[in-house]
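Some notes on the structure that comes next.
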Amino acid sequence: MGIRERLSGNEAAATAMKQINPDVVAAFPITPSTEIPQYFSTFVDNGMVDTEFVAVESEHSAMSACIGAEAAGARAMTATSANGLSLMWEMVYIASGMRLPIVMSLVNRAVSGPLNIHNDHSDAMGVRDAGWIMLFSETNQEAYDNLLMAHRIAENEKVLLPLMVCQDGFITSHSIENIELLEDEKVKEFVGEYHPKHYLLNKKEPIAMGPMDLQAFLFEHKYQQAEAMRNAEQVILEVAKDFEKMTGRKYGLIEEYRLEDAEIAIVCMNSTAGTTKEVVDALREKGIKAGLLKVRVFRPFPVEEIGKALSHLKAVAVLDKADSLNGAGGALYTDVTSAMYLNNNNVPTSSYIYGIGGRDTTTKEIESVFNDLVEDSKKNKIENPFRYVGLRKE
Amino acid sequence: MSNMIEIRWHGRGGQGAKTASLLLADAAFNTGKYIQGFPEYGPERMGAPITAYNRISDTPIRIHSNIYEPDYVVVVDDTLLESVDVTAGLKEDGAIVINTTKSGDRLKEELKGYKGKIYTIDARKVSMETLGSYFPNTPMLAAIVKVSKIMDEKDFLEDMKGSFKHKFAKKPEVIEGNMKALEMALNEVKEIA
């Protein structure tokens, strides 16, 4: 079952898009996601997809074109990174506010300045409150799988929200690795056709989309978006179940790795989860009960699952690949500790900022975090929860 | 992970070290292995030092970081020996393969007492004789396959023939030269005493 291949993360994303064969792709190139529209445009040119490829002049226009296409009733996709997403920002909110299930590949990169083309999660964290579903991917395989599941989630009537699939720039986007692909027909059948209930090109139902929305209604509409985001949790799990039936690959809101009987654990997202698994195994050999909680679904934030999954631990470290620069830890840390509080969970938990601007994260650094946790687990209260790993201090 | 082989490539922008690492990943993939092939991206420009990496394993590879303690190092351009610490972290039971015509004694001196095995190959000679111009990556690819024994040489040649057919679909006249470069390189790579 499946097709054994080796692809980079960008190739994997472009392949998923080819198999999904959306009506419209509008994108503007930016490192490290450039290859996605580049490969995709060759698929268009070779007649392998029926997609209308819109080579726009900026990312603001890319998102605008996706919005126009989706509003008209088409299925639209895009890809970007860092400052490309920054330039889209205005339209990113409009996409979710108009309840348009656009799917984006976000190849994570540091947002300027100073200028840096390498990986961190500052681009994704900048849109965490924009009303998009956000899936994170450890590997090229997960970037591919998440994209195949994306439309089924986003287009579900109970959801109708745009969705972005994140993966680490260069680390997975430019690394060739093994992957198991699905046959085109299986993807086609799984993703299904898009038949929106309301759309602009429906002659039988003339409607307006995205008009002025003042005191009388915006509040209710924002509430509906929040409700849709809450609904998404269940839909994500249902789609994952179907996906598992087809592929054998199981996806949840979070992934727990040797967490059940762990005493200390790291929480992180994307490629660092793989490196952490390696370290967890090495520490287990030494008798240290280490574990990992990988957050796959960052929006909606799985409050209950995370609160529960961490409740039995003696110390936790949350790794953020973006500093919120608020003096109070990263965004994932804030969300995780809030989830723990709501679960009456008082485990000592620290924030670690790491990997900023492409700083390589090694097994040694992950091990040093676990070593800190061993010390933390001996105390009831930790003094300095706002920490850094891999930072040069001289 | 005990069965995992880690390789670090040192070259200069434009010499094809990144391509060679991807071709090696391809060849190993085709023998059924799990692979990673990735360059370390910097401000790339022609002639600047670049690094690329390979992990090759019988089991899925989960680690996502650069390689600091490689089993093998490949140096595509020996002028790098002056400016880059190419043996940094290199395991002593591993080996380094260098494209050079320098003497063994001189290399030992330049490698600052590296105790593992040192292999050399004159990739310029191989490339000029077989391809008529200087593309060091093809001979270096064969050299690392020979030294690391990650796959059977015959399987490797067979597989590369397929890869070249695909890669050079639009200029099939260079396939034969590239195959000759691989075969010659397999014979030319020598361990220094």
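Working only within the range B:27-81, note down all residues that are farther than 16 Å from B:ASN3 by Cβ and facing another protein chain (nearest Cβ under 8 Å). Lay out the reasoning, then the answer.
Step one: of the range B:27-81, the residues farther than 16 Å from B:ASN3 by Cβ are B:27, B:30, B:37-53, B:64-66, B:68, B:73-81.
Listed by number, the residues that qualify are B:GLY37, B:PHE38, B:PRO39, B:TYR41, B:HIS64, B:SER65, B:ASN66, B:TYR68.
The residues in the range B:164-193 that are touching a strand residue (DSSP E or B) at 6+ places or on another chain (Cβ under 9 Å), in a helix (DSSP H, G or I) and among the aliphatic types (A, V, I, L, M) can be counted, and the count is 1. Scanning the range A:44-68 for residues that are farther than 22 Å from A:GLY97 by Cα and either under 25 Å from the mean Cα position of the chain (by Cα) or among the polar types (S, T, N, Q) (or both) yields A:ASN46, A:THR51, A:PHE53, A:VAL54, A:ALA55, A:VAL56. Taking the criterion of being among the polar types (S, T, N, Q) and more than 8 Å from every other protein chain (Cβ to nearest Cβ), the only residue of the range A:263-272 that qualifies is A:ASN270. Figure legend. Inter-residue proximity from the range A:273-285: first residues more than 7 Å from chain B (Cβ to nearest Cβ), second residues in a helix (DSSP H, G or I), beta-carbon distance below 6 Å, spacing 6+ or different chains. Indicated pairs: A:THR276/A:ILE366; A:VAL279/A:THR363; A:VAL279/A:ILE366; A:VAL279/A:GLU367; A:LEU283/A:PHE370.
Out of the strands (runs of 3 or more DSSP E) lying entirely within the range A:250-327, which hold 1 or more residues that are at pLDDT below 95 and under 21 Å from A:LEU163 (Cα atoms)? If you could, list the steps in order and put the result at the bottom.
Numbers: elements: A:254-257, A:264-268, A:290-295, A:297-299, A:315-320.
Passing ranges: none, list empty.
Considering only the range A:183-205, I want to know if a residue exists there that is more than 16 Å from A:PRO101 (Cα to Cα), surrounded by 13 or more Cβ atoms within 10 Å (Cβ to Cβ) and touching an Asp or Glu at 6+ places or on another chain (Cβ under 9 Å). Within the range A:183-205, one or more residues are more than 16 Å from A:PRO101 (Cα to Cα), surrounded by 13 or more Cβ atoms within 10 Å (Cβ to Cβ) and touching an Asp or Glu at 6+ places or on another chain (Cβ under 9 Å).
For the range B:151-193, a tally of residues being within 18 Å of B:GLY132 (Cβ to Cβ), of a type in the set (Lys, Arg) and at pLDDT 95 or above returns 1.
Select from the range A:345-374 the residues that are of a type outside the set (Lys, Arg) and without any contact (Cβ under 8 Å) to a residue 24 or more places away in the chain and write down the one among them that is farthest from B:HIS64 (Cα to Cα).
Our first condition is that a residue be of a type outside the set (Lys, Arg); within the range A:345-374, this holds for A:345-358, A:360-363, A:365-374.
With without any contact (Cβ under 8 Å) to a residue 24 or more places away in the chain added as a condition, the list becomes A:346, A:368, A:371.
Values: A:ASN346: 32, A:SER368: 17, A:ASN371: 20 Å.
Result: A:ASN346.
Can you spot a residue in the range B:135-155 that is loosely packed, with under 12 Cβ neighbours inside 10 Å, assigned to a loop (DSSP other than H, G, I, E, B) and of a type outside the set (Lys, Arg)? Scanning the range B:135-155 turns up no residue that is loosely packed, with under 12 Cβ neighbours inside 10 Å, assigned to a loop (DSSP other than H, G, I, E, B) and of a type outside the set (Lys, Arg).
What about A:ALA228, is it under 18 Å from the mean Cα position of the chain (by Cα), surrounded by 13 or more Cβ atoms within 10 Å (Cβ to Cβ) and under 25 Å from A:GLY2 (Cβ atoms)? If you could, list the steps in order and put the result at the bottom.
Working: under 18 Å from the mean Cα position of the chain (by Cα): yes; surrounded by 13 or more Cβ atoms within 10 Å (Cβ to Cβ): yes; under 25 Å from A:GLY2 (Cβ atoms): no.
Considered against the rule, which asks whether it is under 18 Å from the mean Cα position of the chain (by Cα), surrounded by 13 or more Cβ atoms within 10 Å (Cβ to Cβ) and under 25 Å from A:GLY2 (Cβ atoms), A:ALA228 comes out as no.
Within the range A:329-386, which residues are charged (D, E, K, R) and under 11 Å from A:ALA317 (Cα atoms)? Full working, then the answer.
Taking the range A:329-386 first, the residues charged (D, E, K, R) are A:335, A:359-360, A:364-365, A:367, A:372, A:375-376, A:378-379, A:381, A:383.
Passing the criteria: A:ASP372, A:ASP376.
Please work out if A:GLY97 is in contact with a Leu (Cβ under 8 Å, 6 or more places away or on another chain), surrounded by fewer than 24 Cβ atoms within 10 Å (Cβ to Cβ) and touching a residue at least 40 places away in the same chain (Cβ under 8 Å). No, not satisfied.
The values are calculated or read from the model by the stated rules, or taken from the named source; none is laboratory data. Owing to the predicted nature of the structure, the values given are computational and were not obtained by experimental measurement. All Cβ positions, even for glycine, are placed from backbone atoms using ideal geometry, and neighbour counts span all protein chains on display.
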